[in-house]
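Taking it in order: structure first as structure tokens, then the write-up.
Here, each number is a calculation from the coordinates, and none is a lab measurement. Keep in mind that what you see is a predicted model, and the values were worked out from it rather than measured. Cβ coordinates were reconstructed from backbone atoms using ideal geometry, including for glycine residues, and neighbour counts include every protein chain displayed.
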Amino acid sequence: MEALEIVKEAIKDRINIGSINYDDKLDELGLDSLDLVETMLKIEEALNVEFATDEIVELKTIRDVVNLIESKKL
């Protein structure tokens with residue numbers, strides 16, 4: 001599964017939203033800090049990777065999340 005699809009599924013499990021695009025801002029989607037941490041934990045489990053807390057707090061957009069995932073999968 002593509003990184004963007006994994007992110008979309010993880011976010012949709014936290015909030016009710018129709019579409020998600022690369023440049024959507026996480027806070028504008030309605031993700032608070034707890035939602036973001038729980039979303040990233042779900043992504044970690046799905047991909048068997050780990051994200052540092054300082055990496056997570058820097059995430060602002062869906063693109064940032066996808067780029068972080070792709071950097072861990074290398």
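Taking R0 as 22 Å, what FRET efficiency do you get between THR53 and ASP27 from their Cβ-Cβ distance, rounded to the nearest 0.05?
So, using R0 = 22 Å, E works out to roughly 0.80.
Across the chain, how large is the tail of the calculated P(r) beyond 20 Å, expressed as a percent of all Cα pairs?
In whole percent, the share of Cα-Cα pairs in the chain beyond 20 Å is 16.
Output the 0 to 90 degree angle, nearest 10, between the alpha-carbon long axis of helix 3-14 and the longest principal axis computed from the alpha carbons of the chain.
That helix lies at roughly 50 degrees to the long axis.
Rounded to the nearest 500 deg cm²/dmol, what is the calculated helix-only ellipticity per residue at 222 nm for the chain, with -39500 (n - 2.57) per DSSP H run of length n ≥ 4?
Only helices count here, giving -19000 deg cm²/dmol.
Per-residue HN-Hα couplings for the range 47-54, Karplus 6.51 cos²θ - 1.76 cosθ + 1.60 at θ = phi - 60°, whole Hz, x for Gly and Pro?
10, 6, 10, 10, 10, 6, 4, 5
Which residues' amide hydrogens lie under 5 Å from the amide hydrogen of THR61, considering only partners 5 or more residues apart or on another chain, with H built in the peptide plane?
LEU26
Which of the GluC sites (Glu not before Pro) across the chain are loop residues per DSSP, with 14 or fewer other Cβ within 10 Å?
Answer by residue number: GLU2, GLU50, GLU58.
Can you sort SER33, SER19 from fewest to most other Cβ atoms within 10 Å of each residue's own Cβ?
SER19, SER33
Please find, in a Gaussian network model of the chain (springs between Cα atoms separated by less than 10 Å), the residue of ILE56, ILE17, ILE43 whose mean-square fluctuation is greatest.
ILE17
Could you work out the local net charge near THR39, counting Lys and Arg as +1, Asp and Glu as -1, over the other residues with Cβ closer than 12 Å to its Cβ?
-3
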